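Right, one structure below, let's go through it.
The values are calculated or read from the model by the stated rules, or taken from the named source; none is laboratory data. Fair warning: this is a prediction, and the values are worked out from it, not measured in the lab. Note that we place each Cβ from the backbone using ideal geometry, even for glycine, and neighbour counts take in every protein chain shown. The accessibility values were calculated without ligands, DNA or RNA, using every heavy atom of the protein model including side chains. Shrake-Rupley method; radii C 1.70, N 1.55, O 1.52, S 1.80 Å.
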Amino acid sequence: MFAEVYVNLGVTKMDHPFTYKIPEELLDVVKPGSEVTVPMRGRNLRGFVMTVEENCAIDERLVKDIVSAKAPGQGEGEMFALAGFIRQRYGGTLGQALSVVFPSHANATVKTEKIVKRAGNIDKALDELLLKKRHSKYTEKLLSILKDNESILWDDLRQDYDIPSNTIREAEKQGLVSVETHTSLRNPFEKLSLESKRPDISLNEEQSEILGDFLKNKPAVSLIHGVTGSGKTLLYIAMIEQVLKEGKQAIVLIPEIALTLQNILRFYRFFGDRISCVNSRMNPSLRNDQFERARAGEISVMIGPRSALFTPFSNLGLVIVDEEHETSYISEHPPKYHAVEVAVERGRLAGAQVVLGSASPSVNSYFHAVNKDYKLYTLEKRANDAALPTVSIVDMREELKAGNRSILSQKLYSAIKERLQKKEQVMLFINRRGVAGTVSCRECGAVIKCEHCDVPMSLHRDGLLHCHYCGAKKLMVRECPVCHSKLIGTMRAGTEKIESEIKRLFPTAGVVRMDADTTKGAGGFHDIIKAFNNREADILIGTQMIVKGHDFPGVTLMGVLAADLSLNVPDYRASERTFDLLLQACGRSGRGEVKGEAIIQTYQPENFAIVSAAKNDYVYFYREETAYRRLVQYPPFSHMLSVEVTSRTDEGAVAMGDFIVNKLSKAFPALLVSGPNPAPVVKIKDIYRYEVVIKDSDYDKLIEARKLLDEAIAEDGAPKNADLWYDFD
């Protein structure tokens, strides 16, 4: 028997299966979907069996044997289909798609434990031993232990009773004991000690109505739009409980940045050992154990970031994507898949329900809900009838005119001072998602935008302003075209500088900072969260990682220091990202007994994203944003494919960019193609990066264009030493 085995070699020209012979001892193991080890180019490589055949199309003498194999589990056919979906929709090689769906555990080690069991007549052996004047005290101790215990761990005998290994082996030779080796799958929660009483699921009227409709009508995909603090998590738990009663399993996706112990414990208190988690901070062995526990049926609920979506459950009943608007659900590495879209597809393949939840749903998901593709549920009240925070907008242009050049407006300064006097906590969010190359006016707030695409232009090293959508260029401006102020340029802001200023203004306050620098070390992120939650600090300063999924009852004031930064990025989704961040930030305030306040500082106070976030009015934001996107034909009304070209030389990247533009223009003259344009950051780690942007109302045409490019770069005439990476919409 022969197997067609796919091995991911990372080479487009070799993106096809290879033929291997199935050894007789592996005939019962090797099936379509099996993970195998095969010899190739002097190494043993990991592969996946695509098909099993009786006949071989090539000379059998040239065919090598499969080295080892692991039988596929139930449901792995669905996972193969999911890999095909990822390959078809997002490009890349099939090997890359399979590596996403079946993550490699090459560096994982298996934890084993040896168990020593009673085998012979221990009572008789012990009596005979005690009759001897001289005998081993260790053997006497071993037999005495096994007289009272059917079995005991080898490590316990060695460590707790100090019995040497050779004593145990000698007893095994005499047939008094047997030694068995068991594989032990580690539980990340095994050292967790919680109260034994399980909390009650007490839903309010809104939550109960949604749960009732969800269970009765069983919509394939649902979107829960609930204000911050409305109790979406409790509703998820009630849904999961119903799924578990049916003997099925559930997956809960949470953005990595919000995957805190605080969040996980909410689920663990209800489901105990039936739940596990995976995340990027786990070592490969522990992560692998969680997938094996799922495969073995030890757990029924998996929680984690987008990688948890590929948990090998055989009877999946529910997939929940919390904070579904989060950009961290989009993979940064090829294939650049979107976990929300893949979750919907996995639900379809498994016959499972999919639930998306957010206080600020992505425009794309809400568009599907409005068009009845998804079932829309709405939670309009905070749980326990807690009040939403009072939100105010401060015009920093007016502060500048009044002579205030501080990072804090007078209103925010006074509010912080008042909270500190009341022994309440403050969070300060620096919306640093902006690109430093964006040019704006501090006098009137105007941003230099492309005349053709209505997105901010970026200042490049060549001294020119570039549009990353159509490639338009123009000279850097020296004064504002609106108010003619000379206060125009790139905006820069940093958490470290802000921390120093806050400590100077409030010398007696305890201040902690959370950003990429302070959370580098192991446990750094959790240590800061724990310290602030325990009231060891009064003010927490940070980037977007402080506004995701945290619940600090002591926080009564949130200050947003620079709302404009994410508004000004050269991205058509800038307003959506800004609205999301501001809504989440404001929602951190007043989650305890005291009503909260949020103050947004901005140079663009009239911007609809900022105004709608302050009013907590998603519907208003959605109407404004979709009107704009419909006008300029951005998704979801049209579609875009960004092709990133990378090469070790600038000339190589440009040559490949020109090659694919020419190919596309000839094959698809109706497509709107622009580029190659320099990427926002042209060179990273000595790799040059250029972009080609393709636009069309028909998503399938973009997939056809991507297929054409895959075939074109494999041609003999294609430029060498350059790679293509795809990113849809």
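Points to keep in mind about this one:
- Residues that are aliphatic (A, V, I, L, M) and in a loop (DSSP other than H, G, I, E, B), drawn from region 35-60: Ala57, Ile58
- With respect to being out of contact with any Asp or Glu (no Cβ under 6 Å at 6 or more places or on another chain) and loosely packed, with under 13 Cβ neighbours inside 10 Å, Gly717 fits the description.
- Listed by first and then second residue, the pairs with beta-carbon distance under 9 Å, at least 6 apart or on different chains, first residue in region 237-252 and free of Cβ contacts under 8 Å to residues at least 40 places away in the same chain, second part of a strand (DSSP E or B), are Gln242/Gly317; Gln242/Leu318.
- Criterion applied to Ser697, Ser674, Ser665 was being in contact (Cβ under 8 Å) with a residue 60 or more places away in the chain, farther than 26 Å from Glu332 by Cβ and hydroxyl-bearing (Ser, Thr, Tyr), and the one residue passing it is Ser697.
- Residue match in region 621-630 (condition: surrounded by 20 or more Cβ atoms within 10 Å (Cβ to Cβ) and among the acidic types (Asp, Glu)): yes
Residue by residue, here is whether (1) at pLDDT 90 or above; (2) under 20 Å from the mean Cα position of the chain (by Cα); (3) closer than 23 Å to Glu76 by Cβ holds:
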site	(1), (2), (3)
Ser300	yes, no, yes
Gly304	yes, yes, yes
Val321	yes, yes, yes
Asn384	no, no, no
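- Of residues in region 1-34 being β-branched (Val, Ile, Thr) and part of a loop (DSSP other than H, G, I, E, B), the one farthest from the chain's Cα centre (by Cα): Ile22
- Boolean, Arg169 is among the basic types (Lys, Arg), within 11 Å of Val116 (Cβ to Cβ) and loosely packed, with under 14 Cβ neighbours inside 10 Å: yes
- Single match in Gln88, Gln96 (criterion: under 26 Å from the mean Cα position of the chain (by Cα), among the polar types (S, T, N, Q) and open to solvent by 50 Å² or more (accessible area, probe 1.4 Å)): Gln88
- Boolean, Glu128 is over 30 Å from Met14 (Cβ atoms), of a type in the set (Asp, Glu), more than 49 Å from the chain's Cα centre (by Cα) and surrounded by 15 or more Cβ atoms within 10 Å (Cβ to Cβ): no
- Test: residue in region 563-570 that is over 20 Å from Leu505 (Cβ atoms) and free of Cβ contacts under 8 Å to residues at least 60 places away in the same chain: no
- Restricting attention to region 335-344, the residues that are more than 20 Å from Ala359 (Cβ to Cβ) and not in a helix (DSSP H, G or I) total 3.
- Subset of region 209-230 [open to solvent by 10 Å² or more (accessible area, probe 1.4 Å) and part of a strand (DSSP E or B)]: Val221, His225
- If you go through region 700-719 and keep only what is touching a residue at least 40 places away in the same chain (Cβ under 8 Å) and farther than 20 Å from Leu671 by Cβ, you end up with Ala714, Pro719.
- Selection over region 130-150 of residues that are over 16 Å from Pro164 (Cβ atoms) and touching a Leu at 6+ places or on another chain (Cβ under 8 Å) gives a count of 1.
- The one condition from (1) β-branched (Val, Ile, Thr); (2) assigned to a helix (DSSP H, G or I); (3) at pLDDT 90 or above that Val252 does not meet is (2).
- Out of Glu78, Glu60, one residue alone is more than 22 Å from Arg348 (Cα to Cα), of a type outside the set (Gly, Ala, Ser) and modelled with pLDDT of 80 or more. It is Glu60.
- The criterion of at least 2 residues that are open to solvent by 50 Å² or more (accessible area, probe 1.4 Å) is met, among strands (runs of 3 or more DSSP E) falling completely within region 349-430, by 375-379, 390-395.
- The single condition among (1) within 23 Å of Leu465 (Cα to Cα); (2) surrounded by fewer than 20 Cβ atoms within 10 Å (Cβ to Cβ); (3) not polar (S, T, N, Q) that Glu606 does not meet is (1).
- Within region 51-67, no residue that is under 12 Å from Phe18 (Cα atoms) and among the β-branched types (Val, Ile, Thr) sits with its Cβ atom under 7 Å from a residue that is loosely packed, with under 12 Cβ neighbours inside 10 Å and at pLDDT below 90 at 6+ positions apart or across chains.
- Matching residues, region 15-34, being at pLDDT below 85 and crowded, with 18+ Cβ neighbours inside 10 Å: Asp15, Gly33, Ser34
- Selection count where residues are touching a strand residue (DSSP E or B) at 6+ places or on another chain (Cβ under 7 Å) and open to solvent by 50 Å² or more (accessible area, probe 1.4 Å), scope region 331-348: 0
- Checking Thr51, Thr12, Thr37 one by one, the residue that is closer than 30 Å to Ala350 by Cβ and modelled with pLDDT under 90 is Thr51 and no other.
- Test for Glu443: is it among the acidic types (Asp, Glu), modelled with pLDDT of 85 or more and open to solvent by 10 Å² or more (accessible area, probe 1.4 Å): no
- Output for region 664-710, where each listed residue is assigned to a helix (DSSP H, G or I), open to solvent by 20 Å² or more (accessible area, probe 1.4 Å) and either closer than 26 Å to Lys473 by Cα or of a type in the set (D, E, K, R) (or both): Ser665, Lys666, Asp700, Lys701, Glu704, Lys707, Asp710
- Every test in (1) hydroxyl-bearing (Ser, Thr, Tyr); (2) over 30 Å from Asp15 (Cα atoms); (3) modelled with pLDDT of 85 or more is passed by Thr112 save one, and that test is (3).
- A single entry from Glu206, Glu180 fulfils the requirement of being farther than 29 Å from His526 by Cα, open to solvent by 10 Å² or more (accessible area, probe 1.4 Å), part of a helix (DSSP H, G or I) and modelled with pLDDT under 95: Glu206.
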